[in-house]
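In what follows, a single structure is set out as structure tokens and then discussed.
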Amino acid sequence: MVIYDSVQKKKVLFEPIVENEVKIYVCGPTVYDDAHLGHARSSIAFDLLRRVLVALGYNVTFVKNFTDIDDKIINKMKESGQSLEAITTYYIKRYKEEMHALHVNDADIEPKATENVTEIIHFIEAMLLKQVAYKTSDSIFFDTSKDTQYLSLSQRNMDESTSLARVDNNDEKKDQKDFALWKFAKVSEPSYMAPFGNGRPGWHIECSAMIEKHLASHEGMYQIDIHAGGADLLFPHHENEAAQTRCKSGQEIAKYWMHNGFVTISGEKMSKSLGNSFFLKDALALYDGEVLRFYLLSAHYRANFNFSEEDLLQSKKRLDKIYRLKKRVFDTTPSDVNAQFKQKMLEALSDDINISVALAVLDEMVAVANEHLDKNAKDKAYKATTLANILWLSPLLGIGEHDPYKYFQIGIMEDEKKEIEWLISKRNEAKKAKNFLEADAIRSQLEAKNIQLMDTPNGTLWEKVN
RNA sequence: GGCGAUAUGGCCAAGUGGUAAGGCACGAGCCUGCAAAGCUCCGAUCCCCGGUUCAAAUCCGGGUGUCGCCUCCA
């Protein structure tokens, strides 16, 4: 397996710290609002990474957190009058439902910041003891000057060109770069008891603490294999996490870093301030989750992804073809996966998740199978292998897992189905009587309802088309 | 202003030194009563300029465009 390490800025051979064991931590969402397409993209990207590593035989431990205490959530509390828990519980539930619709598997561990405050406090205490953190009147800050490696992750230079006075220079921070580990309690804001003063954790500290708790081996080894997240997290979030863990433990927090590219809409990044967020709930109301997954999956995870409905519908057609082939071979019992197909597929995915090549391998398999079945419709052994190929591939990519007949009938009610089938039988009678005018009239009638007919040797099939 | 990506046929998108994968759309054909589905065939010299090399989309230099990070952010 080769992956692109976003700190080394190149593809490197992936070698887990402990043979066959892979520990991955992905930065999850701050749960104060509905998830958008960007969350979907990131989740899908690393869900695929996880599936590939599992397929390659690794024993993967996958952790994704929920940030459930944060300024934005507190703002939401003030706006809505709801409790912190009510807000975060709601959005976590929504998030998980939407991820399931996208066929994103749950992480092995899904820690929440609020459930790890004790660990966070211990972490901060250790840093205070090592004097890499200091107290001001309202916060505890990390002292970036104590970390000689600071900024090594994002490789930026803030000393000279820090004329970027865009950051408000207030408080008693020793240095503009220092960041809050703990914010002391304010009236009407949630807070936790701590020996150094009641308050609540800053953003970056939770990940360091939870990684240590859930993934570190506790045998003096704090480093995990892969730390992943959106490209915007590299700085400052991951930089700060790395600094914290380095200063506390003397070790690097992660061996490899992976960052996914953004989803843009009309070429612009989605953001609150631009008001162009495309929420997942809205997307899922319009498109099937699997189609959305396949679309978001179809470009390399590091590339920026410009969302467009037109491209999504193009992408759907590609998925349709897989399901049509599945339909063709669905009545057989799967045998063994074609070894060459399997090898080519894993080869592509092992190259930093080269999904484009992987999908090309899949398309080739589909085309070759269709061609073969056109000429040898009764080749049961071939059908069995083809079905095996599809059934092997589906859980690897998280697509094509549905009943192929049902896939083409999404959104069709039972009584509607009966009517369609009744019309089809009427059309077939007309066809038998060579009454093609009537047969075509029925077909047009169905087409008007977005029902496409296909006459095959095994009878007339129908699909709902967009 | 600093830093980092990226620029491939109508659209989406691989490929990082040896004469451009794949998908969608388009066109032609096979199949079909006709369609649909499926299959076959058909299209690009890779943003511009200069350089290195026997050989570059692929390396180097200089431009231009687009996007992102530097502030919460997947």
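Kindly check whether there is at least one residue in the stretch A:417-430 that is buried (at least 16 other Cβ atoms within 10 Å of the Cβ) and of a type in the set (D, E, K, R). Among the residues of the stretch A:417-430, at least one is buried (at least 16 other Cβ atoms within 10 Å of the Cβ) and of a type in the set (D, E, K, R), which makes the answer yes. Do you know which of the residues in the stretch A:372-388 that are among the hydrophobic types (A, V, I, L, M, F, W, C) and touching a Phe, Trp or Tyr at 6+ places or on another chain (Cβ under 9 Å) is nearest to RNA strand B (Cβ to nearest atom)? Going through the qualifying residues, I end up with A:Leu373. One residue stands out in the stretch A:250-290 among those that are free of Cβ contacts under 8 Å to residues at least 60 places away in the same chain and away from RNA strand B (no atom under 13 Å from the Cβ): the one that is surrounded by the most Cβ atoms within 10 Å (Cβ to Cβ), namely A:Ile253.
Residues that are of a type in the set (Asp, Glu), more than 7 Å from RNA strand B (Cβ to nearest atom) and not assigned by TED's automatic domain parsing to the domain that holds A:Tyr382: does the stretch A:306-323 have at least one? Yes, the conditions are met somewhere in the stretch A:306-323. For the stretch A:170-225, filtered to residues that are of a type in the set (Asp, Glu) and part of a helix (DSSP H, G or I), the residue that is farthest from the chain's Cα centre (by Cα) is A:Glu212. Which of the residues belonging to the stretch A:426-466 are in a helix (DSSP H, G or I), in contact with a strand residue (DSSP E or B) (Cβ under 7 Å, 6 or more places away or on another chain) and within 7 Å of RNA strand B (Cβ to nearest atom)? Hit for the stretch A:426-466 is A:Arg443, nothing else. Considering the stretch A:20-72, the residues that are closer than 24 Å to A:Val291 by Cβ and in contact with an Asp or Glu (Cβ under 7 Å, 6 or more places away or on another chain) include one that is nearest to RNA strand B (Cβ to nearest atom), namely A:Ala35. For A:Ile205, the conditions (1) within 13 Å of RNA strand B (Cβ to nearest atom); (2) touching a Gly at 6+ places or on another chain (Cβ under 8 Å) are fulfilled apart from (2).
When the criteria are applied in full, A:Ile74 fails the requirement of being crowded, with 18+ Cβ neighbours inside 10 Å, farther than 30 Å from A:Gly250 by Cα and either touching a Phe, Trp or Tyr at 6+ places or on another chain (Cβ under 7 Å) or not assigned by TED's automatic domain parsing to the domain that holds A:Cys247 (or both). For A:Ala381, the conditions (1) within 27 Å of A:Asp288 (Cα to Cα); (2) at pLDDT 95 or above are fulfilled apart from (1). For A:Asn20, the conditions (1) among the polar types (S, T, N, Q); (2) surrounded by fewer than 21 Cβ atoms within 10 Å (Cβ to Cβ); (3) modelled with pLDDT of 95 or more; (4) at negative phi all hold with the exception of (4).
Once the stretch A:101-122 is narrowed to residues that are of a type outside the set (Val, Ile, Thr) and free of Cβ contacts under 8 Å to residues at least 24 places away in the same chain, the residue that is surrounded by the fewest Cβ atoms within 10 Å (Cβ to Cβ) is A:Asp106. For the stretch A:56-63, state whether one or more residues are at pLDDT 95 or above and within 30 Å of A:Phe184 (Cβ to Cβ). So far as the stretch A:56-63 goes, yes, one or more of its residues are at pLDDT 95 or above and within 30 Å of A:Phe184 (Cβ to Cβ). The residue that is farthest from RNA strand B (Cβ to nearest atom), counting only those in the stretch A:153-183 that are at pLDDT 80 or above and of a type in the set (A, V, I, L, M, F, W, C), is A:Trp182.
Residues of the stretch A:19-38 include at least one that is part of a helix (DSSP H, G or I) and not β-branched (Val, Ile, Thr). Filtered by the rule that a residue be buried (at least 18 other Cβ atoms within 10 Å of the Cβ) and in a loop (DSSP other than H, G, I, E, B), the stretch A:385-408 gives A:Gly398, A:Ile399, A:Gly400, A:Phe408.
Just give me the residues in the stretch A:336-368 being more than 8 Å from RNA strand B (Cβ to nearest atom) and either of a type in the set (Asp, Glu) or surrounded by fewer than 16 Cβ atoms within 10 Å (Cβ to Cβ) (or both), in sequence order. Answer for the stretch A:336-368, where residues must be more than 8 Å from RNA strand B (Cβ to nearest atom) and either of a type in the set (Asp, Glu) or surrounded by fewer than 16 Cβ atoms within 10 Å (Cβ to Cβ) (or both): A:Asp336, A:Ala339, A:Gln340, A:Gln343, A:Glu347.
The values are calculated or read from the model by the stated rules, or taken from the named source; none is laboratory data. All values reported here derive from a predicted model rather than from experimental measurement. Ideal geometry is used to build each Cβ from the backbone, glycine not excepted, and the neighbour counts take in all protein chains shown.
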